[in-house]
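One structure is given here, and the rest of the page talks about it.
The values are calculated or read from the model by the stated rules, or taken from the named source; none is laboratory data. All values reported here derive from a predicted model rather than from experimental measurement. As a convention, Cβ positions derive from the backbone with ideal geometry for all residues, glycine included, and neighbour counts pool all protein chains shown. Protein only, heavy atoms only, side chains kept; ligands, DNA and RNA dropped before computing areas. Shrake-Rupley method; radii C 1.70, N 1.55, O 1.52, S 1.80 Å.
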Amino acid sequence: MLYTVPDYYEQFQCIAGKCEDSCCAGWEIVIDPKTLQKYRAVKGGFGNCLHNSIQFHQSCFKQYEGRCAFLNDQNLCEIYSELGPELLCETCKKYPRHEEEYEGVRDLSLALSCPEVARILLGHKERVRFIEKENHKEVDEEDFDEFNFLLYTKLVDARSCMIGTMQNRMLPVHVRAAICFAFSHDLQNRIKKQEYDTMDRLINRYKSERIVAYLVNKLNAYKGQDKERFAVIKKQMGLLFHLEVLREDWKDWIKDAYRELYGNGLTAYVRKRKKFLSYMEKNKELNNAFEIQWEQLYIYFLYTYFCGAVYDENVYSKMKLAIMSPIYIQELCQARWQMRGKVTFADIVEIAHHYAREVEHSDSNLKKMERAFQKKREYYFEKMITVLLS
Ligand code: SF4
């Protein structure tokens, strides 16, 4: 099995009781069948406690006021302290480690929804490197009968080219994102027509400095369209109201941010946005340059989701998720700045992990977003580029 991991992967250590947002609260934790069997077999006082606090039919822990029944007042897990780490279910053992599965390959990542991961990712100053490791241990392979290996290899090559573009620090970060977006648009056309043999040429084209310079020049036409950008981003932000809510405070948060950002109309928004961007460029409280944080966010979403297009051939909407997620986070940061007069590193960590928690851990939300990306006009090519560059 070939594993790919980002270079900061081993840096993660759970901070447990010191965590500001325990992963044992705010969502349903599904228990795998093997662990469920083990829980059934536990005897004595703690055995009773387990039997009373697990919904065996639904294979999940009961919750009280949104918290896992086993999370104590110190935000520590009672199963861990009573039975040890071996008796944690697979979800709890793994989180925030995440795996995307492909035939013979696993892409490992750390979920941004964990605040400690968000701190590591947003504080990562160097360009992230992705390390490949071969492991010859036997693993239970799923059935990958229909796996399109040819498409997968093209996607991996395209993703690696895009990561290279995203890490080209000679260009403004949103310009890099716009080039990758244009690339994914061209790639989608090739996939639609099943023109796999022309994909290598396309990938090489996007690697060429001459083409990049040509695109940078062409993309200049999308700058300065404040009015159009305002109309589009307002609609795009509206999508967040239609998602399943995992934590109640998220709903109010979005509502307040939306009102704050767009409630006073175009002129106020444009004026405040300019001030916000210049504030962020000079902001010394970010632990890392603002541009680098956005590079890390784009790459996080790109790395995690892009190759999933091997299963549905929707590379373009995977890319839209990778582009829109940092944009949503940035808009929420602007709202925070407008409301509090400053944005610290802790604010960006809070906003990014909260966004990831709502979006990435709900299949229904990921599907709803993908549908909107495919159908709604505000996610068409030109609108997206305008939002990135204006
Ligand atoms: S969210 Fe992350 S740091 Fe916090 S308790 Fe969970 S794994 Fe640990």
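Quick look at the numbers
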read-out: Tally, over the range 30-62, of residues that are in contact with a Lys or Arg (Cβ under 7 Å, 6 or more places away or on another chain) and in a helix (DSSP H, G or I); value: 1
read-out: Meets criteria (open to solvent by 30 Å² or more (accessible area, probe 1.4 Å), in contact (Cβ under 8 Å) with a residue 12 or more places away in the chain and within 25 Å of Ile327 (Cβ to Cβ)) for Asn168; value: yes
read-out: Selection count, the range 29-56, where residues are out of contact with any Phe, Trp or Tyr (no Cβ under 8 Å at 6 or more places or on another chain) and closer than 19 Å to Glu90 by Cβ; value: 11
read-out: Every residue from the range 57-68 that is more than 16 Å from Asp21 (Cα to Cα) and within 16 Å of the ligand (Cβ to nearest atom); value: Phe61
read-out: Which numbered condition Asp252 fails, given (1) within 24 Å of Arg340 (Cβ to Cβ); (2) of a type outside the set (Ser, Thr, Tyr); (3) surrounded by 15 or more Cβ atoms within 10 Å (Cβ to Cβ); value: (3)
read-out: Residue list for the range 1-32, restricted to those being among the polar types (S, T, N, Q), under 24 Å from Lys125 (Cβ atoms) and surrounded by 14 or more Cβ atoms within 10 Å (Cβ to Cβ); value: Thr4, Gln11
read-out: Pair list, Cβ under 6 Å, 6 or more apart: the range 14-26 residue more than 7 Å from the ligand (Cβ to nearest atom), other residue open to solvent by 60 Å² or more (accessible area, probe 1.4 Å) and among the aliphatic types (A, V, I, L, M); value: Gly17/Leu76
read-out: Count - residues of the range 85-118 that are within 11 Å of the ligand (Cβ to nearest atom), buried (at least 20 other Cβ atoms within 10 Å of the Cβ) and not in a loop (DSSP other than H, G, I, E, B); value: 6
read-out: Restricting the range 185-198 to residues that are assigned to a helix (DSSP H, G or I) and more than 24 Å from Tyr379 (Cα to Cα), the residue that is modelled with the highest pLDDT; value: Thr198
read-out: Failed item in (1) modelled with pLDDT under 95; (2) within 24 Å of the chain's Cα centre (by Cα), with Ser278 passing the rest; value: (2)
read-out: Counted residues, the range 335-347 - those being assigned to a loop (DSSP other than H, G, I, E, B) and open to solvent by 10 Å² or more (accessible area, probe 1.4 Å); value: 3
read-out: Only listed residue being in contact with a Phe, Trp or Tyr (Cβ under 6 Å, 6 or more places away or on another chain) and part of a helix (DSSP H, G or I), chosen from Leu321, Leu332; value: Leu321
read-out: Qualifying residue in the range 348-356 (condition: surrounded by fewer than 20 Cβ atoms within 10 Å (Cβ to Cβ) and either more than 20 Å from Ser109 (Cβ to Cβ) or of a type in the set (Asp, Glu) (or both)); value: yes
read-out: Glu82 vs. criteria surrounded by fewer than 17 Cβ atoms within 10 Å (Cβ to Cβ), more than 20 Å from the chain's Cα centre (by Cα) and either within 14 Å of the ligand (Cβ to nearest atom) or assigned to a helix (DSSP H, G or I) (or both); value: yes
read-out: Lone unmet requirement of (1) in contact with a strand residue (DSSP E or B) (Cβ under 9 Å, 6 or more places away or on another chain); (2) within 30 Å of Asn217 (Cα to Cα); (3) in contact (Cβ under 8 Å) with a residue 60 or more places away in the chain for Ser160; value: (3)
read-out: Among (1) among the basic types (Lys, Arg); (2) without any contact (Cβ under 8 Å) to a residue 60 or more places away in the chain; (3) within 16 Å of the ligand (Cβ to nearest atom), the one test that Lys154 misses; value: (3)
read-out: Residues located in the range 364-380, provided they are surrounded by 16 or more Cβ atoms within 10 Å (Cβ to Cβ) and part of a loop (DSSP other than H, G, I, E, B); value: none
